[in-house]
Each structure stands twice: as C-alpha cells, then as structure tokens.
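What follows is one structure encoded as structure tokens, with my remarks underneath.
The values are calculated or read from the model by the stated rules, or taken from the named source; none is laboratory data. Computed from a predicted model, the values in this text were never measured in an experiment. Here the Cβ positions follow ideal geometry from the backbone for every residue, glycine too, while neighbour counts run over all protein chains shown.
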Ligand SMILES: [Zn+2]
Ligand SMILES: [Zn+2]
C-alpha cells in the first residue's frame, strides 16, 4: 500500500514561502493498494493538484470524507477527474440523522457559492452514507469509527496488502486531561480511540495544538501532540504522522512540535516513529499481517437506519435549565422533534412503558446520583428491548468509568460543551441507537449453557478437519455458499468451522445462531429481508448479505444448546423436508465430534 500526502494543513490553506516544507494545502491523502485501488482521504484543497496529476487518463476511485467542514471538502469541486465522462467515482461520508452526505456536499456548490452545481459532474458518481462499522473496496478492508469533533466525523482504518493505515482527523481527546498530556490511564471514549488505532503501521492523526495551547482551545475539536504520542504508544502503533497542522505554524514551528513529540516518546522509553506529514511525501507500507484476517468481523458501515426520525424520542432528566435548553436545541437542529424533560421518577415510568432512543441524565438534582439512576433504568429494561444509550452529563472530575460501566452508562457528556458538540455527539448516539435490530433473548439456562460451551475447550482453537468436513458436506449437499459450525459465547458467536466466510467470529447481537439456540427445532429464515427479526440486521443489509439461513441447534448430552450448524445463502430460497433432515443428520455428527476429545 502506498500513501501520499497532497494536503496536510488544518482549517485554512496557507501557501507561501514559510510553509514550503510541510505544505499549505488542506487535508487530502492518496492511498493506492497494490492491486491499484485508488482511495482519497478527504478532499481539501490538496485534491486539486492530485486531480491535475491524474488528467489525461481514465481514472476512477473512491473518496472517503471524514466530515464536511470546509478544510475537508473544498477541493471536491476542483477535483478534475469528477468532470470526465466515463470515470466512475464513489464518495463516502458520515450519514447525518436528517440528511445524506450528497445533500450536504451539494450545498457548497449552490449558486451563491460556486458556478457549477453538484450535478455538473460528468463522471458517474455514487454516494455512500457511512455509519460505524466496516466495508470493503476491492481488496481493501475499511473500518469506520466516530471521532470526537463538533461535527459528525468518522475516522477510517484501512487494511490492504497486509498493512494497516488509520486516518484520524479531526479529533479531540474525550478527556481534557488527556489533551493536556497529564492522564495516567485512558478512559471511556479515549479507550475506544486507542482500540481503533491498535497495532497500525501508520496513523495519520490530527495534531493541531500543544498541551500548553490546549486550555484556550478546549471544545475546538482537535488533538495535542502530547495526546497523539500517548495514544499511539498505548495502541502499539509503529509510525504516527502529525497532521492537520495549525495554519498559524510555519515550517520551523512544525519542526519544533515534531522535536517535542520525539522527546515525549523518548521519555516514555518508546521507539514509536514520529514524523510531521509533508505535502508530496510518499510512504510505502509493507505490513507483517499474514493473510488470515486477524480483525474481528464488523457489521457493515453502509447501512441506512430503518427507523423514522419523527418517531425517535429523547428523554432528559436531572439537567440544569440552560444545559437542558442546549440539549433540546441540539436535538431540534437535527430534526428530532420529540424530546421531553422528566423527573427521575417519571423517567423510570417512561422507560418501562416505552422505547426511547436516547436518555440524558444530569447531576443537577442534589439527592440523585446519575450513575445509580442509570443502573435502576437498566434493571427496568427487559432483555429483548434495544439497549437505549444512556448519557451522563457531568464534570470531567466526576466521571467514574468503572462504576459507570457496571451501571450501564453508555457515555459521558462533560462540561463545558457547545451546541455543536452536543449535536455531533447526539447524532452519533442516535445513529447507533436507530440501527438496532432485534437481538435474540438469552436462553433461560444461559449461565449453565455458557459453562458447557467453555467446558468443551474448543473456543479459539485452530480449525480441525473433523469439523471442516461437515461444513464442506453441508454446503455441497445443499448448494449453499456458506456453512458454519458456531459456538455461541457470552458476547460472540465463534466459528469452529467457517466455510465461505472469512471471519472467525461475529458479535452475538447480530448472530442468527443466537436465535437458533433458543429452541430444539431448526431455525429456517427463507428471506431475511421479510423477517422482522432480521430485516435491519447489519449482516443482512451489509456484508455478508445473509438472505437465507437454516440452522440446527447443537445439543450436548447434558441438554445444553451450545451453538448451531448452519448454512447461509445470499439469495432467498426454500428448503425441502429431505434437505432439512440431511442437515439435521450432519448436525448429529457434529454433536458427536463436539463431545469427543481431539484426535492426537
Ligand atoms: Zn479540519
Ligand atoms: Zn473539522
């Protein structure tokens, strides 16, 4: 995989003699996989020169937009390949609640701002709204995660040719102490951020400020070099590139920043490689990743929420008057018409009786502990309900991650926050909440069942021919592209054998086998899109596009249903009695293998 910087500057383009070394164009990074896939990360003013370099040749590719602030999209109307008939371009960006990426991009090309409209692009353009998850472009695998910025922003994690590059711009530390570089352990959102960067060969990271400058810039949505070095070390990153250089910094100032970053890594005893991204610089990434995918399966990023925004309901409790007005304004600005402020008692009743989309609990009522209230609300929710995000509004000093996690707190909104921040966080939480589908109930004997699963000693073991032969036979006998032997663990379905599906596990929440283990009877779904339980499941609307499923529960002699043998197809279909009987026979053989010790 090859990486080339065309624009490294944040906020506004700053061409001139003092920015020659690191460049004055705003965000644009080109990525090419060995197979030739062309991917642009953001489309700031740097995209203009890239477009010129591609002139005179047919050229198609993919543009991944982090968010729609000017410095990340202003090069789009000047990117020449979009005006060439015959070219095909795909544009991806975070999906807002009320409007799509295409609608937002069209605005900067309206009559008052630009001489040609979005529909003047002569190339064939496809727009894709992304949410958190994963998707593929040719042989490139891409994961998305929301960043912390006063506009809905996604980071992109790109895996190709055995190497991984992460693009994380723009992003502010979730905890201001982490931004000041004086945070012993990361908490909450910063832990998620570290996980997103984990083991990457290259991380291109917003590093606009220093810790000394940060107190005056809290809430502006950017990172400090101290934070960048700290998260990169914590995530075992090989090379981090400081990016989104502040427009006020000339080349010498960027170099000073770089020297300070080197010093910080050295003081921490780390051999992390740190550079400052420079316009024109090319990086070859050769990773050590072997072909076997080590990343867990992630549900598709290219999913539209099925819910209607008009039906979403935001509940607010224990939040002071001014903050409540701000949260309500944020909800309204994003087109969520239904919100109400309730007393803690009324909130409990509302949670029992309804299905809110999002709950804010503040610490503004003296005798109410928001974390304890959250635990009470969780206890009132039934298992089958979608897990409503519960956000605690409080001061940074009162964030207690450990207690919060035990009580089921989804996230924290810490003071002070602007309406822009409240909006982007609200969007991210609502997008996550609206994308829920019906997850399986827990079996009555869940704890004993889990014990039985683990007692098999098979979880996370290597593939074995004695199981693989059964998935091969099942797939061939029923003409299905995918056959699996699944063990349903506490939070995942893990595959002892997976034919036709690259991943070794998927989250239990989206698993069909988590439904199959609820009964002794086979579970047959002839068309997932027409089944309320599965129609919005990310494994149905996105990869691997499950349309048909037939699963036979795998039952041990002691009665525990530990998993399933299943076949999956990408098209709706029927299954005959004879075929179902055959699948059941194969399942019995798999059960025998489950209780046998592995052959020496
Ligand atoms: Zn920016
Ligand atoms: Zn921005």
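Descriptive notes on the structure:
- Restricted to strands (runs of 3 or more DSSP E) entirely inside the stretch 4-87, those with at least 1 residues that are within 16 Å of ligand 2 (Cβ to nearest atom), touching a helix residue (DSSP H, G or I) at 6+ places or on another chain (Cβ under 8 Å) and at pLDDT 95 or above are 28-32.
- Which listed residue is within 16 Å of ligand 1 (Cβ to nearest atom), surrounded by 13 or more Cβ atoms within 10 Å (Cβ to Cβ) and within 30 Å of the chain's Cα centre (by Cα), from 118, 76, 50, 82: 76
- Residue match in the stretch 98-107 (condition: assigned to a strand (DSSP E or B) and more than 16 Å from ligand 1 (Cβ to nearest atom)): no
- Odd one out for residue 435, checked against (1) surrounded by fewer than 21 Cβ atoms within 10 Å (Cβ to Cβ); (2) modelled with pLDDT under 90: (1)
- Of all residues in the stretch 536-555, none are in contact (Cβ under 8 Å) with a residue 40 or more places away in the chain, surrounded by fewer than 15 Cβ atoms within 10 Å (Cβ to Cβ) and part of a loop (DSSP other than H, G, I, E, B).
- Any hit, the stretch 126-148, residues being within 16 Å of ligand 2 (Cβ to nearest atom), assigned to a helix (DSSP H, G or I) and within 24 Å of residue 6 (Cβ to Cβ): no
- Hey, residue 592 farther than 20 Å from residue 443 by Cα, under 38 Å from the mean Cα position of the chain (by Cα) and not in a strand (DSSP E or B) or not: no
- Residue match in the stretch 176-185 (condition: in contact with a strand residue (DSSP E or B) (Cβ under 6 Å, 6 or more places away or on another chain), away from ligand 1 (no atom under 16 Å from the Cβ) and within 17 Å of residue 226 (Cα to Cα)): yes
- Test: residue in the stretch 167-178 that is modelled with pLDDT under 95 and at positive phi: no
- Hey, residue 509 part of a helix (DSSP H, G or I), within 27 Å of the chain's Cα centre (by Cα) and more than 25 Å from residue 580 (Cβ to Cβ) or not: yes
- Qualifying residue in the stretch 89-97 (condition: surrounded by 24 or more Cβ atoms within 10 Å (Cβ to Cβ), under 28 Å from residue 201 (Cβ atoms) and away from ligand 1 (no atom under 16 Å from the Cβ)): yes
- Whichever residue in the stretch 192-218 is part of a loop (DSSP other than H, G, I, E, B) and within 18 Å of the chain's Cα centre (by Cα) and, among such residues, is nearest to ligand 1 (Cβ to nearest atom): 200
- One residue from 191, 203, 218 being touching a strand residue (DSSP E or B) at 6+ places or on another chain (Cβ under 8 Å) and either closer than 30 Å to residue 39 by Cα or in contact (Cβ under 8 Å) with a residue 12 or more places away in the chain (or both): 203
- Residues located in the stretch 393-413, provided they are assigned to a strand (DSSP E or B) and crowded, with 19+ Cβ neighbours inside 10 Å: 393, 394, 412, 413
- Candidates 580, 565, filtered to the one that is in a strand (DSSP E or B) and either modelled with pLDDT of 95 or more or under 29 Å from residue 446 (Cβ atoms) (or both): 565
- Test: residue in the stretch 158-175 that is in a strand (DSSP E or B), within 16 Å of ligand 2 (Cβ to nearest atom) and touching a helix residue (DSSP H, G or I) at 6+ places or on another chain (Cβ under 8 Å): yes
- Filtering the stretch 1-46 to residues that are out of contact with any strand residue (DSSP E or B) (no Cβ under 8 Å at 6 or more places or on another chain) and within 16 Å of ligand 1 (Cβ to nearest atom) leaves only 14.
- Among the residues making up the stretch 219-275, those that are part of a loop (DSSP other than H, G, I, E, B), within 16 Å of ligand 1 (Cβ to nearest atom) and either at pLDDT below 95 or under 25 Å from the mean Cα position of the chain (by Cα) (or both) are 219, 220, 221, 222, 223, 244.
- Matching residues, the stretch 367-395, being at pLDDT below 90, more than 20 Å from residue 354 (Cα to Cα) and touching a helix residue (DSSP H, G or I) at 6+ places or on another chain (Cβ under 6 Å): 368
- Across the stretch 221-234, not a single residue is classified as surrounded by fewer than 18 Cβ atoms within 10 Å (Cβ to Cβ), away from ligand 2 (no atom under 16 Å from the Cβ) and either farther than 26 Å from residue 46 by Cα or in contact (Cβ under 8 Å) with a residue 12 or more places away in the chain (or both).
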